[in-house]
Each structure stands twice: as C-alpha cells, then as structure tokens.
Amino acid sequence: MTAPVRSGVLPVHVEFGHCDPAGIVWYPNFYEWFDAATHRLAERAGVGLHALRAQGFLGLPLMQTGASYHRPVRFGDDVEVRSEVVSFERRSFRVEHRVLKGDAMHLEGFEVRFLGAPHPDDPARLRAAEIPATFRAAFGFD
C-alpha cells in the first residue's frame, strides 16, 4: 500500500508559449498546472487515473475552480505549484494550490473535484460517486 500523500510540489519553468504578448503567464496556464499537480498527487497517492479506471471509475472531473492573483509570473521564471488536498465531502474533495517564486506568493487557487463514475441509467453520462474510504485514506484522511 502506498503511504498517504496529502501535498506535493510541481516545479514549472515558464516558457515563452505560456505567456501573453507582455511576457506574463496567460491565466489559463495556471489551471493547466493545477490540473497536472492534482493528477500528480493522485498518482503518488496510488489513486491515479489508471488505478481509478481499473476500479470502474472514469476520472477526477472538476466541479469548481478559482484563483486570486497577487503578482505576475513572467517568461523565464522558475515557480513551484504547491498543492494540498485539504478536505473531503461525501462526493467531492478540495485541492488548494499556491504558486510561489522562491518565498513570494504569486497566486492562490483551488479546485473542487469529484470521483467520476458511469451513470447507472445511461453509461454515456457521468455521475459523482460517493468517495470510498480507501480514496480518502490515500490522502491521509480517515
């Protein structure tokens, strides 16, 4: 069994293609990094996409996301996306993200995700499954 993993760091080197014409990271890229960081956390916790699909789940879709921007992140910067699973509800969980350059906070964001499963009445539809204790435990929650 994999040890619980509640938090992690995704290092990012800001490339030219991440930026707008002013050389500042174009905001949708932060959401791409949040997504990558969450999936990396799940993989490290032993509940990544391949493991979930082997159990009949479809993935970890988003329900809600948002961010507060404090300082610009620019072309050439090396930043860290520090992510932490902070809470669970019956059918969802929350991941908080902080983008830092050194010790300076540049952005704070979050995602609320659910464990996607096929809808029992129509397998082409998705539903939010109740989150099993084993999934919670993978992130250190009882």
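The values are calculated or read from the model by the stated rules, or taken from the named source; none is laboratory data. Keep in mind that this is a model prediction, so the values were computed, not measured. Because the Cβ atoms are built from the backbone with ideal geometry, glycine has one as well, and the counts that use them run over all protein chains shown. For accessibility, only protein heavy atoms count, side chains too; no ligands or nucleic acids. Shrake-Rupley method; radii C 1.70, N 1.55, O 1.52, S 1.80 Å.
Points worth noting:
- Close pairs (8 angstrom Cβ cut-off, 6 or more residues apart or separate chains): under 15 Å from Y69 (Cα atoms) and free of Cβ contacts under 8 Å to residues at least 24 places away in the same chain in segment 15-26, open to solvent by less than 40 Å² (accessible area, probe 1.4 Å) and not in a helix (DSSP H, G or I) anywhere: W26/C19
- Among the residues of segment 105-127, those that are open to solvent by less than 30 Å² (accessible area, probe 1.4 Å) and assigned to a strand (DSSP E or B) comprise H106, L107, G109, E111, V112, R113, L115, G116, A117.
- So L58, is it among the hydrophobic types (A, V, I, L, M, F, W, C), touching an Asp or Glu at 6+ places or on another chain (Cβ under 6 Å) and either modelled with pLDDT under 95 or farther than 30 Å from E130 by Cβ (or both): no
- The set of residues in segment 68-87 that are part of a strand (DSSP E or B), surrounded by 16 or more Cβ atoms within 10 Å (Cβ to Cβ) and either free of Cβ contacts under 8 Å to residues at least 60 places away in the same chain or hydrophobic (A, V, I, L, M, F, W, C) (or both) comprises V79, V81, V85.
- Residue among P4, P11 that alone is in contact with a Phe, Trp or Tyr (Cβ under 7 Å, 6 or more places away or on another chain), touching a residue at least 60 places away in the same chain (Cβ under 8 Å) and not in a helix (DSSP H, G or I): P4
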